[in-house]
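Take a look at the structure set out below.
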Amino acid sequence: MRRDIFQAIADPTRRAIIALIAVQAMTPNTIAEHFDATRQSISKHLRILSECELLSKKQQGREIYYQLQVDKMKEIDKWLDQFRKIWETRFHQLDNLLATIKNVKR
């Protein structure tokens, strides 16, 4: 089942897992050590992140390492960019207004 990428980032634990794995690939046990949650719970989060194609698995010997698919994060950035542009425009308008008010007071 393919999930929506925004389902992945909706949960704070999954966002924390993304932040951890962004630094380096980790095994499920190593990831679980960073949380006050059961190993099963972390496995569920890893499965959802994998279904959203944010993580990939790499087998090394007996261990499975999860690593972040950085390119997939671009989908989130692209969606956010539309709002970033709106806010930049509003801040620019506010700067202009404040400059106008400052010049009127002189």
When the Kirkwood hydrodynamic radius is evaluated over all pairs of different C-alpha atoms of the range 54-93, what value in angstrom, to one decimal, is obtained? 12.6
Degrees, to the nearest 10: 12-23 long Cα axis against longest axis of the chain: 80
Cα-Cα pairs of the chain separated by more than 20 Å (percent): 51
List the residues of the range 45-69 whose backbone N lies under 14 Å from a point placed 7 Å from the Cα of A19 along the Cα-to-Cβ direction. none
Net charge contributed by nearby residues that have their C-beta within less than 15 Å of A16 (K/R +1, D/E -1): 0
Treating the beta-carbon of each Lys and Arg as +1 and of each Asp and Glu as -1, no other charges, what is the dipole magnitude of the chain about its Cα centre, to the nearest 20 debye? 300
Net charge of Cβ neighbours under 10 Å - reference I64; Lys, Arg +1; Asp, Glu -1: +2
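Every number here is computed from the coordinates shown, using simple stated rules; none is lab data. This one's a predicted model, so the numbers in the text were calculated from it and none came from an experiment. Virtual Cβ from ideal backbone geometry, glycine too; neighbours counted across all protein chains shown.
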